[in-house]
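Asks: The structure's right below; bear with me while I get my questions together.
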């Protein structure tokens with residue numbers, strides 16, 4: 001069975017909704033994204049919007065992040081890249 005790798009970008013400010021990593025079964029794409037997630041509780045990030053790239057691995061060729069749920073936490077899905085087969 002083929003696997004597909006999805007990359008999508010979220011943008012927001014304030015505390016990062018860590019539970020969304022579990023909910024959308026995703027993880028930070030790069031170490032800089034992981035660092036930014038951990039720093040989102042710092043004063044700078046409470047007022048400045050940041051972008052974080054996340055990765056999701058799926059066995060099907062069609063998957064989408066739960067945009068409305070991200071929005072409910074004050075974060076927007078601003079980009080979803082075309083998946084590629086791994």
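The values are calculated or read from the model by the stated rules, or taken from the named source; none is laboratory data. All figures in this text were calculated on a predicted structure; none of them were measured in a lab. Please note: Cβ atoms are built from the backbone with ideal geometry, for glycine as well, and neighbour counts cover all protein chains shown.
Asks: Checking the condition touching a helix residue (DSSP H, G or I) at 6+ places or on another chain (Cβ under 8 Å) and either surrounded by 14 or more Cβ atoms within 10 Å (Cβ to Cβ) or at pLDDT 95 or above (or both), which residue from 32, 53 passes?
Replies: When all the criteria are applied, what remains is 53.
Asks: Take residue 47 and tell me if it is farther than 15 Å from residue 82 by Cα and loosely packed, with under 12 Cβ neighbours inside 10 Å.
Replies: Here the answer is yes, as residue 47 does meet what is asked.
Asks: Only one of (1) exposed (fewer than 12 other Cβ atoms within 10 Å of the Cβ); (2) touching a helix residue (DSSP H, G or I) at 6+ places or on another chain (Cβ under 6 Å) fails for residue 84. Which number is that?
Replies: The failed condition is (2).
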